[in-house]
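J.: The structure's right below; bear with me while I get my questions together.
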């Protein structure tokens, strides 16, 4: 009873934090804005953002900063953290590998390679632009814009196939083989990506290198659309199939006895995780270890449960505040979020390995 009460307090705290975070996070940036001013902007809404008769010049600028720059960035960071956490949780369940996540599984590296192929070989510019900023007529604009996530998705699929082929179908040592296969796949696609950048132009190389470290600097309302649809739709599909997915955690034989088509469910979930990761990598660059840290953290906070919704919320909140830290840690420049998540995630990964060794 006491443990249940403590879990309810944690859930309530997360809900309150989710309500406060957009307002608090919008206060940080190169131009400091007070919490009260941000709250006033949110209370007025979008209708008065361009109404010069109702607001002063200063408040109009504040509204544009909050609504056009910071709010899309906060929402994109939340979607990215939620999507990576969702993908990590599903990967850990369907592979029965507690160390699985899109980064360690090699999916992120494959998606990065596919995106870099599009950026350096097909577009030749090495820049990431929303569709309204592309100088091309008609449908060609959208073909250029959508080619990046498509290339990332193809690369992610190739990486998943390599990992599954190297891991084999046996149960003995499969967890370790999957992890090592994912690391090998990451090195392979990392080498291929470096080879492409070596022969690319200096401008394209500099742009792609900064993007590959992970950033939400190019967030806008148009950029936010595709990852929101993909992550939201994938979350709905996984929720609808959560019983079959959770059955895989008990083992393939047990899942078969429960009437679950193990091969089909596992393949569908791997495809969904690849799609989520590819779209987020194409939009935000490589952000590692989020899918590893957040599911484990939620399970530690709420033992005995598998709250997928809370995993998504915690992942989104975590990424929003990591982005705030990346914007405010250095006075004159922005630090890529992938550097911070890699530093935290590496330490977390070592703790998991130590814990597994103790339990063994």
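J.: Residues 79, 55: which one is modelled with pLDDT of 85 or more and on the phi < 0 side of the Ramachandran plot?
T.: Going through 79, 55 in turn, just one is modelled with pLDDT of 85 or more and on the phi < 0 side of the Ramachandran plot: 79.
J.: Now, a different point. For the structure I just gave you, tell me whether residue 225 is at pLDDT 90 or above and either in contact with a helix residue (DSSP H, G or I) (Cβ under 9 Å, 6 or more places away or on another chain) or under 18 Å from residue 338 (Cβ atoms) (or both).
T.: Judged against the criteria, residue 225 is not a match.
J.: Could you figure out which of (1) assigned to a helix (DSSP H, G or I); (2) touching a helix residue (DSSP H, G or I) at 6+ places or on another chain (Cβ under 9 Å); (3) over 18 Å from residue 91 (Cβ atoms); (4) in contact (Cβ under 8 Å) with a residue 12 or more places away in the chain isn't true of residue 203?
T.: It is condition (2) that residue 203 fails.
J.: Going by the conditions given, is residue 237 buried (at least 16 other Cβ atoms within 10 Å of the Cβ) and either within 15 Å of residue 89 (Cβ to Cβ) or at pLDDT 90 or above (or both)?
T.: no
J.: Name the residue that is surrounded by the most Cβ atoms within 10 Å (Cβ to Cβ), counting only residues in the range 19-34 that are over 17 Å from residue 77 (Cβ atoms) and in contact with a helix residue (DSSP H, G or I) (Cβ under 8 Å, 6 or more places away or on another chain).
T.: Across the range 19-34, the extreme among qualifying residues is 33.
J.: Out of curiosity, is residue 217 part of a loop (DSSP other than H, G, I, E, B), in contact (Cβ under 8 Å) with a residue 12 or more places away in the chain and surrounded by 15 or more Cβ atoms within 10 Å (Cβ to Cβ)?
T.: yes
J.: Moving on. Mind checking which residues of the range 303-343 are under 14 Å from residue 7 (Cα atoms) and surrounded by fewer than 19 Cβ atoms within 10 Å (Cβ to Cβ)?
T.: Listed by number, the residues that qualify are 303, 304, 305, 306, 307.
J.: Which condition breaks for residue 163 when tested against (1) over 24 Å from the mean Cα position of the chain (by Cα); (2) at pLDDT below 90?
T.: Condition (1) is where residue 163 drops out.
J.: Quick check: anything in the range 256-271 closer than 25 Å to residue 146 by Cβ and surrounded by 20 or more Cβ atoms within 10 Å (Cβ to Cβ)?
T.: yes
The values are calculated or read from the model by the stated rules, or taken from the named source; none is laboratory data. Quick caveat, the model's predicted, so the values are computed rather than measured. Using ideal geometry, Cβ is built from the backbone for each residue, glycine included, and neighbour counts are taken over all protein chains shown.
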